[in-house]
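Here's the structure we're looking at; comments come further down.
The values are calculated or read from the model by the stated rules, or taken from the named source; none is laboratory data. Since we're looking at a predicted model, the values are computed, not measured. Backbone-built Cβ (ideal geometry, glycine too); neighbour counts: all protein chains shown.
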Amino acid sequence: MPSPATFATLDSLTHIVVGACAGELIAGKKLGKKAMLIGAIANSLPDIDIVCSLFLPLSKDLLAHRGFTHSFLFALLVTPLLAWMSKRWVRSGMTFTIWCWLWGSQVLLHDFIDAFNAYGTGWFEPFSHYRVSFNTMFVADPLFTLWPAFVTVLLLFISALNGARRRWAGFALTLSACYLLSGIFLKSIIDTKAKEQLARNGTPVKRYLSTPTPLNNLLWYIVAEQDSGFYIGYRSVFDGNRPTKFRFTCRNAALLSAATDKAELERLLRFSQGFYTAEMQKDTLKFNVLRFGEIIGWNDTASHCVFYYYPQHPTANELVVQRGRFARWDGEQLRLFLRRIAGR
């Protein structure tokens, strides 16, 4: 089963190939195949925040990732600088304005795509820590990446003078855009059915969250918040009138008093956006973030969260993000997963 590194690689690949296709559309006629390379670099630029992981404590790194480098202010600052450098060093005949369009649109496109998954993107940093998260696409979805990846490879072999290049690039980006739109449409269906079920159950809801399960946008993970905890359930777009089964998990906020580093705890609470539970494993405090789903939760009601953190043992958290995403998966679990997607 895929590892956390696989997700990071697929996420990076997504920005590379989307950037390459967008670069071809914007500047292919002026730059030839160099437009794809510059586009791939420009679209990947916001992820330079990965260097934070080299020197920041993990709880701070969680907030730094997709923070300032994914903001509108960052795009505004780096775009004219990179456009000026490109105008000076790259022979192309392109004006400063077109260079600004190439760099700026790519950085903003990266930020826009990242906002569709559960991690959240700091568009408004440093003025606001609010994270934009549409929750309509898994963090790395092959069905979104497939089309620009295929066309990027194709364009490497097609002559730079071939007039069909821009049509191919536009075709790939259109299909990916349609996939994004499908996620919005499917989410609306899921949310309508789930909220109707919660209302029929007489369940008061303070906040509501739904996000796709791994590698698809057909089976959704749902969290409904109450004062003392959360109702958690799964719903497929193929469930029809089948009721959504919800189970309750207690927040256990009082257990957080066992955390010794209060500043770290505050960062974790901010990262969780209030969607968390606490539990004690023997004498060890475990902080679970519900926003990222559970390990095979659609099949195992006793499953653990994908994201969990040990506040009392920070050195035990090196792979905290996505570390449990595919734990316990095997051929049988994959079969059950596909059955659940199909509404069975």
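Considering only residues that are among the basic types (Lys, Arg) and assigned to a helix (DSSP H, G or I), which ones fall in the stretch 26-47? Listed by number, the residues that qualify are Lys29, Lys30, Lys34. Please enumerate the residues belonging to the stretch 152-181 that are out of contact with any helix residue (DSSP H, G or I) (no Cβ under 9 Å at 6 or more places or on another chain) and closer than 20 Å to Leu218 by Cα. Matches in the stretch 152-181: Ala177, Cys178, Leu181. Among the residues of the stretch 84-110, write down those that are in a loop (DSSP other than H, G, I, E, B) and among the charged types (D, E, K, R). Selection gives Arg91 alone. Return yes or no: is Leu13 touching a His at 6+ places or on another chain (Cβ under 9 Å), at pLDDT below 95, surrounded by fewer than 21 Cβ atoms within 10 Å (Cβ to Cβ) and hydrophobic (A, V, I, L, M, F, W, C)? The answer is no for Leu13. State yes or no: is Ser71 at pLDDT 95 or above and in contact with a strand residue (DSSP E or B) (Cβ under 9 Å, 6 or more places away or on another chain)? Yes. Answer yes if at least one residue in the stretch 119-126 is among the aromatic types (Phe, Trp, Tyr) and under 8 Å from the mean Cα position of the chain (by Cα), and no otherwise. Taking every residue of the stretch 119-126 in turn, at least one turns out to be among the aromatic types (Phe, Trp, Tyr) and under 8 Å from the mean Cα position of the chain (by Cα). The residue of the stretch 216-236 that is nearest to Phe134 (Cα to Cα), among those that are part of a loop (DSSP other than H, G, I, E, B) and in contact (Cβ under 8 Å) with a residue 60 or more places away in the chain, is Asn217.
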